[in-house]
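Down below is the structure, laid out as C-alpha cells.
The values are calculated or read from the model by the stated rules, or taken from the named source; none is laboratory data. Everything numeric in this text was worked out from a predicted model, so none of it was measured. Positions of Cβ are backbone-derived with ideal geometry, glycine not excepted, and every protein chain shown enters the neighbour counts. Remember, those area values only see protein heavy atoms, side chains included, never the ligands or the DNA or RNA. Shrake-Rupley method; radii C 1.70, N 1.55, O 1.52, S 1.80 Å.
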Amino acid sequence: MRKNIVAGNWKMNTTVPEGVQLAKEVVEKSKEVPAEVGLIVATPFTHLCPVAEVLKGTRVELSAQNCADKEKGAYTGEVSVGMLVSTGAKWTILGHSERRQYYGETDAKLVDKVQLALAAGLKVILCVGENLDEREAGKHFEVVKTQTENVLFHFTAEDMKNIVIAYEPVWAIGTGKTATAEQAQEIHACIRKVLAGKFGAQVADDTTILYGGSCKSSNAKELFAQPDIDGGLIGGAALKSDDFIAIAKAF
Ligand code: PGA
C-alpha cells in the first residue's frame with residue numbers, strides 16, 4: 001500500500017532561527033495528524049543541520065530541495081548528496097519547476113541527480129508538471145508523460161520504492177490558482193499508467209503521487225479524496241505551521 005505524505009517545500013524562505021522555530025511548531029502540532037500520514041519538511045541547505053536536531057526522534061522527516069549533479073570535487077557553490085546525508089536529511093526534492101525554469105535543470109541532469117541521491121540512500125520527490133502554454137495547447141498529458149519517462153525510465157522497480165512523484169502544474173504554483181480535483185486526478189492517473197506500463201501494476205499502485213500548486217487547507221480535502229492523489233507538496237502554506245498541519249489533517 002502506498003503512503004500518504006504531506007511535504008512542506010519552504011523554498012528560499014525563513015532565516016535559520018525562523019526555520020528552527022517553524023520546525024519546532026510542526027513537530028509539536030504533528031500530534032494532531034494521524035500517525036499513518038508521512039510528514040516532511042524541505043528546508044534550505046543552510047537550515048538542514050539545525051532543523052535535523054529539532055526533528056531527531058520525531059515523525060517529521062527532513063528533506064533538501066535540490067542536490068548537485070556531481071558526487072564531489074571542484075564545483076563551487078554546489079551541495080552533494082553525501083553532504084545532505086551527513087546533515088540527517090532523508091529526502092531531496094528534485095526537478096522542481098522553479099529549478100527547471102530558472103536554473104536550467106534538464107531531464108538529463110535530473111537522471112544524474114536521482115541516481116546520485118538513491119545511491120547515497122536519499123529518497124527523492126521528483127516534480128513534474130506543465131506550464132500554462134502547454135496546458136492551454138492541450139499538451140499537459142504529453143508533457144507530464146514525457147518528463148516522467150525521461151527521468152524515471154532510467155531506473156528500476158526497486159528504485160521506485162524510494163521515489164515519490166509530485167505533479168505540480170506550473171500555472172498553479174504560488175498563483176492561488178489550484179488545479180481542480182478532476183484536473184489533478186486525471187494527470188495523476190496518467191502518471192500511474194505510465195509507471196504501470198514500465199514497471200508493472202504493483203509498482204504503479206505502490207508509488208506515492210503528490211499534488212502541488214496552491215494547495216491549502218480549504219482545497220486539500222477534495223484533492224486528497226481523489227483515488228490517485230496521495231498527498232501534497234506544499235509551498236506557501238507550509239510556512240505557517242497551522243496551515244501546514246491543517247492540510248496534513250485533510251485526509
Ligand atoms: P505553492 O507551491 O503551494 O506555493 O503553490 C508549491 C510548490 O511549488 O511546491
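Considering only alpha-carbon pairs that sit under 8 angstrom and 6 or more positions apart, the relative contact order computed for the chain is 22 percent. Protein heavy-atom accessible surface, 1.4 Å probe, per residue over the chain: 45 Å². In the chain, if the dipole is taken from +1 on Lys/Arg beta carbons and -1 on Asp/Glu beta carbons about the Cα centre, which of Gly57, Gly213, Val114 is farthest to the positive end? Value computed over the given set: Gly57.
Of all the C-alpha pairs in the stretch 172-251, what % are more than 22 Å from each other? Counting pairs separated by more than 22 Å, the tail of P(r) holds 25 percent.
Neighbours of Lys123, meaning other residues whose beta-carbon lies under 14 angstrom from its beta-carbon, give a summed charge of +1 when Lys and Arg score +1 and Asp and Glu score -1. Enumerate the amide H contacts of Ile93 below 5 Å, restricted to partners 5 or more residues apart or on another chain; note that Pro and chain-start residues carry no placed amide H. HN-HN under 5 Å from Ile93: Ala64, Gln65, Asn66, Ile125. Taken one residue at a time, the phi angles of the stretch 110-127 give Karplus couplings (6.51, -1.76, 1.60, θ = phi - 60°) of 5, 4, 4, 5, 5, 4, 4, 4, 5, 4, 7, x, 8, 8, 10, 9, 8, 9 Hz. Gly and Pro are set to x. Assuming charge only on the beta carbon of Lys and Arg (+1) and of Asp and Glu (-1), the dipole of the chain about its Cα centre is about 420 debye to the nearest 20. For the Cα trace of the stretch 145-209, dividing Rg by the Kirkwood Rh returns an Rg/Rh value of 1.00.
Counting only residues at least eight positions apart within a chain, or on another chain, the aspartates and glutamates with an alpha carbon under 18 Å from that of Lys113 are Asp69, Glu71, Glu78, Glu98, Glu105, Glu149, Glu158, Asp159.
For the stretch 13-241, the carbon plus sulfur part of the accessible surface works out to 52%, probe radius 1.4 Å.
Converting the Cα gyration tensor eigenvalues of the chain into ellipsoid dimensions via √(5λ) gives semi-axes, longest first, of 25, 22, 17 Å.
Separation of the alpha carbons by more than 24 angstrom is noted, of Lys11/Lys249; Lys3/Lys123; Lys56/Lys109; Lys56/Lys177, for Lys56/Lys109; Lys56/Lys177.
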